[in-house]
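The values are calculated or read from the model by the stated rules, or taken from the named source; none is laboratory data. Just so it is clear, the model here is predicted, and its values are computed rather than measured. Counting neighbours? That spans all protein chains shown, and the Cβs are built from the backbone with ideal geometry, glycine included. Ligands, DNA and RNA are excluded from the accessible area calculation, which covers all protein heavy atoms including side chains. Shrake-Rupley method; radii C 1.70, N 1.55, O 1.52, S 1.80 Å.
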Amino acid sequence: MGFPVRYYCPHCETIVEIERDGYLADKAVTPFPFEGWSYEPPTADFEDADGVVFQCGEDGLAIDGDGCGERFYLSFVRYENGEELDPRTPTEQVHLGNESTPPSPSGPRGPPNGFWG
Ligand SMILES: [Zn+2]
């Protein structure tokens, strides 16, 4: 079913390997968690989470070296309303009214006046 995927620890570049089902796209491996993402350890059902939290060198994950013991995070791509979420941009946007209607300007304002040169 799954297939092994390798990741580098961002702290020490130890290679770890986990088995993935393959239908979730990776977004990034970072030494810190993304805000709003939920992480599960590789031993849990991480395919249902938003990412995987590794402890470098834990549970024989490392296949090259002993690991540094630090945590790092694999984040999957997340979509909301068909748009990819980016942890670097605010996600707490408030949607007012019908989402299919773009926000309308508050009426014509007329051309700017007062340019007399
Ligand atoms: Zn490491």
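For segment 26-90, with every protein chain kept in place, what is the accessible area per residue (1.4 Å probe, Å²)?
Solvent-accessible surface per residue comes out at 59 Å².
Taking amide H atoms as placed 1.01 Å from N in the peptide plane, list the residues 5 or more away in sequence, or in a different chain, whose amide H sits under 5 Å from that of D64.
It is I15, by chain and number.
Go through segment 61-70 residue by residue and turn each phi into a ³J(HN,Hα) via Karplus (6.51, -1.76, 1.60, θ = phi - 60°); whole Hz please, and just put x for glycine and proline.
Once θ is set to phi - 60°, the couplings for segment 61-70 become 5, 5, 10, 8, x, 9, x, 9, x, 7 Hz.
Sort 80-86, 68-74 by packing, meaning the average of other beta carbons within 10 Å per residue, with the highest value first.
In descending order of packing, they fall as 68-74, 80-86.
From the square roots a ≥ b ≥ c of the eigenvalues of the alpha-carbon gyration tensor of segment 3-81, which class results: rounded (a/c under 1.5), prolate (a/b over b/c), or oblate?
Note, shape of segment 3-81 comes out prolate.
Roll a 1.4 angstrom probe over the protein heavy atoms and tell me the percent of accessible area of segment 3-81 that is carbon or sulfur.
C and S atoms contribute 42 percent here.
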